[in-house]
Amino acid sequence: MVSKFDEYKTILIVTTLSATAHWRNIYLKFNFFGKEILIINYDRLQKLFYFDESKYKAKAKTRKTKNKRMSHNGLAPIFDLVIWDESHKMRNNTSMRSKLGLKIQVNAKFNLYLSATAGQNPLELSYLAPLLAKITGQKVSSMNEFEKWCRDMDLGVYKGDYGNWMWDGNDKSIKK
């Protein structure tokens with residue numbers, strides 16, 4: 001299917017490590033001539049970002065600090081098409097993986113989400129934030145904006161103890 005779309009020249013496929021070989025076989029089996037394809041797993045997303053450490057006076061002393069700066073200030077690459085295989089892997093909206101994924105999604109011309117796992121609450125659908133917001137005529141480019149969008153849509157989202165986002169799961173929210 002993807003090989004037939006001529007308008008997509010640069011394609012990123014983000015998948016689990018165990019499915020990487022399967023995607024490589026698909027790439028070899030079908031004609032992807034004239035397309036640049038990158039297959040990467042979720043744990044390697046940060047390798048795609050450009051981050052200029054010289055802009056920051058204090059160098060990151062730990063990997064966690066560097067990763068946090070990367071997710072906030074890193075520049076995402078631009079792809080024509082991004083395929084998110086097992087897209088529910090980005091359901092934790094506080095993880096670096098999800099924050100980096102959202103930046104890539106916003107820059108892509110088209111995103112294709114593949115998952116057989118349903119979300120248990122609206123906050124687990126943060127990887128669909130750009131799509132959900134576009135349907136309602138809004139734009140979401142950060143997790144804070146997505147959380148605000150959930151509140152604006154009256155989805156029963158609130159700040160819980162210790163600053164964590166919670167979902168009340170009442171009948172009105174479930175129906176909506």
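Taken together, the values in this text are just the output of simple stated rules run on the coordinates, not laboratory data. Keep in mind the model is a prediction, meaning the values are calculated, not measured. Reconstructed Cβ throughout: ideal geometry from the backbone, glycine too, with neighbour counts over all protein chains shown.
Structure data summary
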| quantity | calculated |
| --- | --- |
| Protection proxy ranking of 17-24, 95-102, 144-151 - average other beta-carbon atoms within 10 Å, highest first | 95-102, 144-151, 17-24 |
| Förster radius 41 Å - calculated FRET efficiency between Ala19 and Lys159, Cβ distance, rounded to 0.05 | 0.70 |
| Gain in span if fully extended, Phe49 to Lys172, counting 0.36 nm per residue against the direct Cα distance | 40.3 nm |
| Residues with amide H under 5 Å from that of Leu112, placed H, sequence gap 5 or more | Val82, Ile83, Trp84 |
| Long-range amide H partners of Asn41 with built H, under 5 Å | Thr15 |
| Amide H contacts of Met153 (H built 1.01 Å from N, under 5 Å, at least 5 apart or other chain) | none |
| 3J(HN,Hα) from dihedral phi, region 125-139, Karplus parametrisation 6.51/-1.76/1.60, rounded to Hz, x for glycine, proline | 9, 4, 5, 9, 3, x, 5, 5, 5, 4, 4, 8, x, 10, 10 |
| Highest to lowest packing among 106-113, 134-141, scored as the average C-beta count within 10 Å | 106-113, 134-141 |
| Highest-first arrangement of 84-92, 36-44, where packing means the average Cβ count within 10 Å | 84-92, 36-44 |
